[in-house]
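Colleague: Handing you a structure now.
Values quoted throughout were computed directly from the atomic coordinates according to the rules given, and no laboratory measurement underlies them. These numbers come from a predicted model, not from an experiment. When we count neighbours, we look across all protein chains shown, and the Cβ atoms used for this are built from the backbone with ideal geometry, even at glycine.
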Amino acid sequence: MSKIKEELQKRILVLDGAMGTMLQQYNFSEEDFRGERFKNYPSPLKGNNDLLSITQPKAIAEIHAKYFEAGADIVETNTFSGTTIAMADYDMEDLVYELNYESAKIAKEVADKFTKANPEKPRFVAGSIGPTNKTASLSPDVNRPEYRAITFNELRIAYKQQVEALIDGGTDLLLVETIFDTLNAKAALFAIEVVKEERHINIPIMVSGTITDASGRTLSGQTVEAFLTSISHIPLLSVGFNCALGAQQLKPYLQRLSNETDFYTSAHPNAGLPNAFGEYDETPKQMQGYIEDYLKNNLINIIGGCCGTSPAHIKAIADVAKNYKPRLIQELA
C-alpha cells in the first residue's frame, strides 16, 4: 500500500479512460468475441467485453498501453462485469475466475513494462469491480416493493470470487466503482475485508459512487454525505465519483465530498452528457478546462475519465494535472 500512497503524496495520479469506448473502435464481430475457444458456444457472446481478455487479449493490452502512453498512472482491469451475477446474461458464470485473473494479468504485464522503462513514474493496476446489473436496495417490480432480485449474501459471495481472482492476477489495488446502490458496494467491501483477513494482506481500496441526476443523489437515494458516511467504516485509500455526469456537472458534488472526507478523493467523469444518439461530444480540450477547475479548487487526488473518454482525453487531463499539487488530507491515525 505504501507505494501508491507515497506517489499520492507527491502528485495527482491519473486514472485511465473508457475501455468500452476504445473497444468500439475495433468493431469486433460475434466471431471475434467467440474466438476459436467459444466457436460453438450456445449463447450469443457479442457485447461481453470482459470475455475479450480471453479471446482478444492483444486488443486489451493495446488499450492499456495507449492509456499509459497518454500519461495514466493507473489502468483499470477489463472486469467491470466480472461477477457470476453479470455473467449470467451470457451463461458464463463458470468463467468468472479466469476472466478476472487473465484481465489482471494482462494489465499488470503492460504496467510493469512501463514502470521498468521509467521507474520514476511507477504504474499501477486497479481491479475494476462494477455494481452488477441487480440492486439489493430496490425492487425491480413496482407492484411488489418488498421484492429483491438479489440478496446481500449472494452479492458478497459473487464479489469474493471476483476479488480473489483479481488479486491472484496481480492487481495493485481494488476499485469498487460506478456505485448506484451502496448496499451492493457494502457487499463488495465486506467481501474484500474477508479476503484481506484470510490472506493477511492489506490491498488498497478505491470506492467510486455515481450521482445519477441533478437531484445530487445515488439511484438508491443517498446524498453525497450519506454515501460517504455509509462506507467510511472501511479503511479506504480513496473515495470519489464517476460516470453519469460530465466533469462540469459533477463539480458541486465533488466539492461537498472533498470538504467532508479525510480519504484521498478521486473522479472519473464522462466526456459530458450523452447526445440524442447516446454518444459523448465533449472534446479533450473542453474536458481539460473543467478538470483544471477541480485542480485550482484543490478537490482531487486521482483523476481520470469514464464513458466517452479516450487516450486523447487522458493526455489532456495528464498535461494539466502535472501543473498542480495534490489535495492535502489529514492522515488518519
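Colleague: With the chain treated as a Gaussian network of Cα nodes joined by springs under 10 Å, which of 276, 18, 312 yields the largest mean-square fluctuation?
Modeller: Highest fluctuation among the options: 276.
Colleague: For labels at residue 297 and residue 139 in the simple 7 Å Cα→Cβ model, what's the distance in nm?
Modeller: 3.9
Colleague: Still on this structure: By count of other Cβ within 10 Å, fewest leading, how are 233, 200 ordered?
Modeller: Final ranking by Cβ density, sparse to dense: 200, 233.
Colleague: Another question, if that's okay. Can you find, among 96, 206, 180, the residue farthest towards the positive end of the dipole of the chain? Put +1 on the C-beta of Lys and Arg, -1 on that of Asp and Glu.
Modeller: 206
Colleague: Another question, if that's okay. Compare the Cα positions of 245, 306, 329 along the charge dipole of the chain (+1 at Cβ of Lys, Arg; -1 at Cβ of Asp, Glu; about the Cα centre) and return the one farthest towards the positive end.
Modeller: Farthest towards the positive pole: 329.
Colleague: May I pose another question? Got a sec? How would 215, 220 order by Cβ neighbour count within 10 Å, fewest to most?
Modeller: 215, 220
Colleague: Under a GNM of the chain (C-alpha, springs under 10 Å), which listed residue has the highest mean-square fluctuation: 190, 277, 227?
Modeller: 277
Colleague: Sticking with this one: What span do the alpha-carbon atoms of segment 224-332 cover on each of the three principal axes, reported in whole Å from largest to smallest?
Modeller: Each principal axis gives a Cα extent; for segment 224-332 these are 42, 31, 20 Å.
Colleague: Find the all-direction average of the projected area of the Cα convex hull for the chain, expressing the result in square nanometres with one decimal place.
Modeller: Mean shadow area of the hull around the Cα atoms is 16.7 nm².
Colleague: When DSSP beta bridges are limited to those with both residues in the chain, what percentage is antiparallel, rounded to the nearest 5?
Modeller: That works out to approximately 5 percent antiparallel.
Colleague: Oh, and also: Where is the GNM fluctuation largest for the chain (alpha-carbon springs, 10 angstrom cutoff): 314, 150, 303?
Modeller: 150
Colleague: Additional query: How about segment 9-63: which GluC sites (Glu not before Pro) there lie in a loop by DSSP and see at most 12 other Cβ atoms within 10 Å?
Modeller: 36
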